[in-house]
1. Can you give the local net charge around Val148? Use residues other than it whose beta-carbon is closer than 15 angstrom to its beta-carbon, Lys and Arg +1, Asp and Glu -1.
2. Could you sort Phe232, Phe56, Phe130 by accessible area so the largest value comes first, with the probe set to 1.4 Å?
3. For the chain, what does the helix formula give at 222 nm: sum of -39500 (n - 2.57) over DSSP H segments with n ≥ 4, over the residue count, nearest 500 deg cm²/dmol?
4. Given H placed 1.01 Å from N in the peptide plane, which residues other than close sequence neighbours of Tyr115 have an amide H under 5 Å from its amide H?
5. What list of ³J(HN,Hα) values in whole Hz, one per residue of the stretch 207-218 in order, does the Karplus curve 6.51 cos²θ - 1.76 cosθ + 1.60 (θ = phi - 60°) give from phi, with Gly and Pro shown as x?
6. Nearest 10 degrees, 0 to 90: what angle lies between the long axis of helix 190-203 and the longest principal axis of the chain (Cα atoms)?
7. Could you give me the percent of Cα pairs per 10 Å distance bin for the stretch 1-84, shortest bin first, beginning at zero and ending with the bin that holds the maximum distance?
8. Shape verdict for the stretch 158-262, please, from the Cα gyration tensor: rounded (a/c under 1.5), prolate (a/b greater than b/c) or oblate.
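The values are calculated or read from the model by the stated rules, or taken from the named source; none is laboratory data. Not measured: the values here are computed from a predicted model. As a convention, Cβ positions derive from the backbone with ideal geometry for all residues, glycine included, and neighbour counts pool all protein chains shown. For the accessible areas, the whole protein counts, side chains as well, though only heavy atoms, and no ligand, DNA or RNA atoms are used. Shrake-Rupley method; radii C 1.70, N 1.55, O 1.52, S 1.80 Å.
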Amino acid sequence: SEVAGSEVVADVAILLDWASIWAQAHPSQPSVDLDPVRCIEQWHAALRAATVTCDFAPPGGDLARYRLVLVPALHLVSDADAANLVSYVDGGGTVLIGPYSGVVDEHDHIRLNGYGVWSDLLGVRVEEFFPLPGGRRVALSDGTSGRVWTELATAKTADVLVTYADGPLAGAPALTRRGNAYYLTTHLDDAAIRVLLERIARAAGVEPVLCDPPRRVEAVKRRHADGREWTFVANDGEVPVEVLGTVLEPGALTISRGAAAR
């Protein structure tokens, strides 16, 4: 009963808009393999595995409460919603935007002067799209690889953090940063996207509920307005695991009172 009325603590939001997903589902898209729902699910799963709790938020919603906003796949976005994200970053928020985002307006009209409505925010101009054939990968300069999709981009005012190491775009930006705004021009595998999201989350001041959580362990914090806090930890796996000195059997849930668990 003492937990009643508390709320889940989420410092991260993933922008989700079904109009954008429906627009991207049209068969005229450059790649049939570029699935926005699958991409959003992958980013969410990476956060969940790292015990970083996130909300889903509309592009035009109030984002001020979040330290980090993720835009895995937002192909269609209105001018007002695009400006909302710019205002969030101007206010000190951190954003990571995935490829093929902001390409069309709310009427599904292509934006001119370089693909993407956030070119100025990101300091990047996207010149052309280079979808990859099914199963094809390209090496990146940090030892990971890109898949499904690549883009020919020019860093205007952004720092280039990772480049393409081979293929027709060798030397071109794969990951950039301009202040608190990051841009990813390709898709990564599950392990690589988790590492990237964890790194950017830490830089934004987001702490996981558990440090180095066991595989398939879910953990969230709940907090009352008066500051009382609980940590919920569940073992969603098929084998017992030890968390914070307690062995959790498969399907077990434990609740502890106090600050964030470590």
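1. Every neighbour counted, the sum reads -2.
2. The ranking, largest first, comes out as Phe56, Phe130, Phe232.
3. Computed mean residue ellipticity for the chain: -6000 deg cm²/dmol.
4. Distant-sequence amide H within range of Tyr115: Val126.
5. Each residue's phi maps through the Karplus curve to give 9, x, 5, 10, 7, 6, x, x, 4, 6, 9, 10 Hz.
6. Helix 190-203 sits at roughly 80 degrees to that axis.
7. The distribution over the stretch 1-84 is 16, 42, 30, 10, 2, 0, given as percents.
8. Since a/c reaches 1.5 but b/c is at least a/b, the shape of the stretch 158-262 is classed as oblate.
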